[in-house]
1. Percent relative contact order of the chain, based on C-alpha pairs within less than 8 angstrom and at least six residues apart?
2. If we count other beta carbons within 10 Å of each Cβ, what is the order of 32, 59, fewest first?
3. So for 74, 101, fewest C-beta neighbours within 10 Å to most, what's the order?
4. Over the stretch 96-148, calculate the relative contact order: mean separation of alpha carbon pairs under 8 Å at least 6 apart, over the residue count, as a percent.
5. Which of these values of Rg and Dmax of the Cα atoms in Å was calculated from the structure shown: (i) 18.6, 73; (ii) 17.0, 49; (iii) 17.6, 61?
6. Just from its helices, what would the mean residue ellipticity at 222 nm be for the chain, if runs of 4 or more DSSP H residues each count -39500 (n - 2.57) and the sum is divided by every residue, rounded to the nearest 500 deg cm²/dmol?
7. Among 103, 158, rank each residue by its count of other Cβ atoms within 10 Å, from fewest to most, as a rough exposure measure.
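Taken together, the values in this text are just the output of simple stated rules run on the coordinates, not laboratory data. Just so we're clear, the structure is a prediction, and the values are computed from it rather than from any experiment. Glycine gets a Cβ as well: all are built from the backbone with ideal geometry, and neighbour counts include every protein chain shown.
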């Protein structure tokens, strides 16, 4: 069993220190605890220690854990197949992985059926890695400008994943580029697009992500592994 209390204290201190470097309020950063390999009992323990947001990669796990731990916010952070949309809309507080137009259409259709709007982040493949999902940077603006066709889908920000590296600093240019892209997009004042969130940074590089403007960090192993 991981020492959750110690691990979470460590993460919170590191978030605060990263914020201090750039003069940010630590409360401006939301910790999304990635619970994809974690039991419901461990999730409940983390809730007792003040964790309010959890992220799941698979829809079935999100739905299962939300049923048993409904009092927290559940984020869908993994790649979403269109055939799973019916299960996740209305269950996830935020979908981090909108990466293609037909998925946006499916989300809109389901949200319309339920009379809801569905909050999402647009996934951007800044690094251009072929194995990673996400739009290339130069396709983001036209995608956002087309979203008025799908008013039930509310784009709340951007998400990216940096290439895996042992060096956190290697991620900095990726995170900086996403933050700069958001700044450029905000100048266009696109209707129904808020871009308030930047979801970037994981266990190996979240401090760098925070210094570059992340306000959602997705951390799993540093919390839930035995340390």
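1. 22 percent
2. 59, 32
3. So the residues, fewest neighbours to most, are 101, 74.
4. Normalised by residue count, the contact order of the stretch 96-148 is 36 percent.
5. Label (ii) holds the value from this structure.
6. Working: 9 runs with 87 residues, N = 227.
Taking each H run of at least 4 residues, the total per residue is -11000 deg cm²/dmol.
7. Numbers: 103 21, 158 27.
Taking fewest neighbouring Cβ atoms as first place, the list is 103, 158.
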